[in-house]
Amino acid sequence: MIIDSHVHIYPPEVIRDVEKIGCSEPHFSELTSCRIHRWAGAEDVIAKMDEEGVDVSWVFGFAFNDLGLCRLCNDYVIDSVKRFPHRLRGLAVVPPLARGFEEEAIRCREEGLIGIGEIFPQGQNFDLTDIRQTWKLAGVADELGMFLLIHSAEPVGHDYAGKGNVCPGEAAEFCIHHPEVRVLFAHFGGGLWLYELMPEMKLALSNVWYDSAAWPWLYEPSILAAIEAAGLEDKILFGSDFPILACSRYFDRLKSSRVSEKTAEKFLSLNALSLLEGQG
Ligand SMILES: [Zn+2]
């Protein structure tokens, strides 16, 4: 079984009004105007899944600053999951400082969505290390039994559109403030997993998982073997960042990473299932 935990879909209205929306949403404008950007709707995702042998995808819209735009994306995700209930599971996008975001999260949970994300702290103008700005988001996620998917990136290396300022230090601080919340950090947590080799950080990060989104652009295949060697093979989830990257590129990397068959199986599906365990 293969679960892709990191897939972006966009409602037709957002694709149609991209320029207009971009005027008031600079982060959206930056990401969608860059050369590598691609659009996809639910049907495109299903077609690609069939082609590449993916069983289930976790899909979400774009985390805007504007709650109304987030709602539009969530409506589309909810509808898509209803149309393809055996293939898609959905996450909600919310702006964590906007009035009324809690109600939107509740609505999405009642509609069956499983998490909140992919949240962009820098793009959504909030500070992930400031507990005064994060307690509501953490509380809502915990109370509703939804995990958080948060964008994170490397503190070193090349720059790219949307890299942002959430690196291992910022990500860890959020987890120290909110140890009860289950968090999936995108893009290998920007390297946060390495610090699970420190006993106090292993404890602080016990509810944390990492996804592999953008792997082909960031790391050598051997990063997966390094994670396995660190004893963290239960914490890494396959996520493709489709439509900007295809799954086949990850499967090639997985093959050349030379991890055990058991680790590969955990990466491709078992860890995603255990992240969801107990939340219904
Ligand atoms: Zn991301």
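Listed by chain and number, the lysines whose C-alpha is less than 23 Å from the C-alpha of Lys266, apart from same-chain residues fewer than 8 away, are Lys48, Lys202, Lys235, Lys255.
Solvent-accessible area per residue in the stretch 1-140 equals 44 Å², computed with a 1.4 angstrom probe and all protein chains kept. Pop out the carbon and sulfur fraction of the accessible area of the stretch 58-127 as a percent, whole number, probe 1.4 Å. Carbon and sulfur: 50 percent of the exposed surface of the stretch 58-127. Relative to one another, the C-alpha centroids of the stretch 104-127 and the stretch 190-237 are positioned 23 Å apart. Spin-label pair Ala161-Met198: with each label point 7 Å from Cα along the Cα-Cβ axis, the two points sit 3.5 nm from one another. For the peptides 185-195, 231-241, the ranking by mean Cβ contacts within 10 Å, running from highest to lowest, is 185-195, 231-241. Using a probe of 1.4 Å, the accessible surface attributed to Glu200 totals some 110 Å² when neighbouring protein chains are kept in position. For Cys108, the accessible area of its heavy atoms, probed at 1.4 Å with every protein chain present, is near 0 square angstrom.
Its Cα gyration tensor gives the stretch 3-274 an equivalent ellipsoid, and the semi-axes of that ellipsoid, as √(5λ) in whole Å with the largest first, are 26, 22, 18.
The values are calculated or read from the model by the stated rules, or taken from the named source; none is laboratory data. Model, not experiment: these values are computed from the prediction. Note that each Cβ is placed from the backbone with ideal geometry, even for glycine, and that neighbours are counted across all protein chains shown. Ligands, DNA and RNA are stripped out before the accessible areas are found, and what is left, the full protein with its side chains, is counted by its heavy atoms. Shrake-Rupley method; radii C 1.70, N 1.55, O 1.52, S 1.80 Å.
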